[in-house]
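The values are calculated or read from the model by the stated rules, or taken from the named source; none is laboratory data. The shown structure was predicted, so the numbers you read here are calculated from the model rather than taken from an experiment. Quick reminder, even Gly has a Cβ in these numbers, built from the backbone with ideal geometry, and neighbours come from all protein chains shown. Calculation scope for accessible area: heavy atoms of the full protein, side chains included, ligands and nucleic acids excluded. Shrake-Rupley method; radii C 1.70, N 1.55, O 1.52, S 1.80 Å.
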Amino acid sequence: GVAAQAARAVREIQALQDGVRPLEPAALASLQAECARMTSLVEDLYQLSLSDAGALEYKFVPLDLAALLDSMVGEYRGAFESAGLTVFLAPLPAAPAIVNGDERRLNQLFANLLTNAMRYTDSPGKVLVELAANAGGWRITFDDTPPGVAPQHLPKLFDRLYRVDASRNRNAGGAGLGLAICRNIVDAHKGRIDASTSPLGGLRITIDLPAHKAAA
């Protein structure tokens, strides 16, 4: 949590001040990483508290999911390559994938899921994003390669602060807030989000969103 990370940062700073640890690039890099994790955690807590309270602002307009996913995957491709991973976007449907959505929040949803996949997928590995029509709307799947998540953990992944076993909870692991925020965003869009075992050997996140219905 925030308290534990802050305590670690304070100990590192004190060690540098007392001369216990030499002031060298490796020590500064470690401290910078700790501060970055704290900043990310605080932002996640803030976003989650807002969404829990219904205080996140939503402006629903007709949006094309295909365009949003294409843009977001392209934006993350370089980061995946730096992590030793490859991200693929499956061929998009020919028909416009229109939903009634908030562009900022849907981008936040996709960014959280891509970051989660990048953080927990072993290198070399890959992530596949796919958009397809389903009954009454559109289905988006995020599949990644190992490690996976044990079946008993899958129903709890969207619970706040829930952390799974070491197979997907390495040093880069978060605090179990990103997926909770994802669920709140999907709920606000009257959709559904689920976790299951991916055919690629890792985790599959499935999102179902209703299609936009033009006013009569």
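For segment 74-92, the candidate set comprises residues that are in a helix (DSSP H, G or I) and open to solvent by 70 Å² or more (accessible area, probe 1.4 Å); within that set, the residue that is farthest from Thr145 (Cα to Cα) is Glu75. Within segment 175-194, the set of residues being surrounded by fewer than 18 Cβ atoms within 10 Å (Cβ to Cβ) and either at pLDDT 95 or above or not in a helix (DSSP H, G or I) (or both) comprises Lys190, Arg192, Asp194.
Which residues, taken from segment 178-211, are out of contact with any helix residue (DSSP H, G or I) (no Cβ under 8 Å at 6 or more places or on another chain), under 12 Å from Asp144 (Cα atoms) and small (Gly, Ala, Ser)? Those that are out of contact with any helix residue (DSSP H, G or I) (no Cβ under 8 Å at 6 or more places or on another chain), under 12 Å from Asp144 (Cα atoms) and small (Gly, Ala, Ser): Ser198, Gly201.
Suppose the filter is touching a Ser or Thr at 6+ places or on another chain (Cβ under 6 Å), modelled with pLDDT of 85 or more, farther than 19 Å from Leu85 by Cβ and open to solvent by less than 50 Å² (accessible area, probe 1.4 Å); does Thr206 pass it?
Numbers: touching a Ser or Thr at 6+ places or on another chain (Cβ under 6 Å): yes; modelled with pLDDT of 85 or more: yes; farther than 19 Å from Leu85 by Cβ: yes; open to solvent by less than 50 Å² (accessible area, probe 1.4 Å): yes.
Here the answer is yes, as Thr206 does meet what is asked.
Any residue that is open to solvent by 30 Å² or more (accessible area, probe 1.4 Å) and in contact with a helix residue (DSSP H, G or I) (Cβ under 8 Å, 6 or more places away or on another chain) - is there at least one of those in segment 117-129? Within segment 117-129, one or more residues are open to solvent by 30 Å² or more (accessible area, probe 1.4 Å) and in contact with a helix residue (DSSP H, G or I) (Cβ under 8 Å, 6 or more places away or on another chain). Applying the condition of being of a type in the set (Gly, Ala, Ser) and under 9 Å from Asp144 (Cβ atoms) to segment 112-130 and asking which residue is nearest to the chain's Cα centre (by Cα) yields Ala117.
For segment 112-151, the set of residues classified as under 17 Å from Leu203 (Cβ atoms) and among the small types (Gly, Ala, Ser) consists of Ala117, Ser123, Gly125, Gly148, Ala150, listed by residue number.
Tally time: how many residues in segment 93-111 are assigned to a helix (DSSP H, G or I) and either over 9 Å from the mean Cα position of the chain (by Cα) or crowded, with 21+ Cβ neighbours inside 10 Å (or both)? Break it down into steps so the answer makes sense when it comes.
Keep residues of segment 93-111 that are assigned to a helix (DSSP H, G or I), which gives 103-111.
Adding the requirement that they be either over 9 Å from the mean Cα position of the chain (by Cα) or crowded, with 21+ Cβ neighbours inside 10 Å (or both) leaves 103-107, 109-110.
The number of residues fulfilling the criteria is 7.
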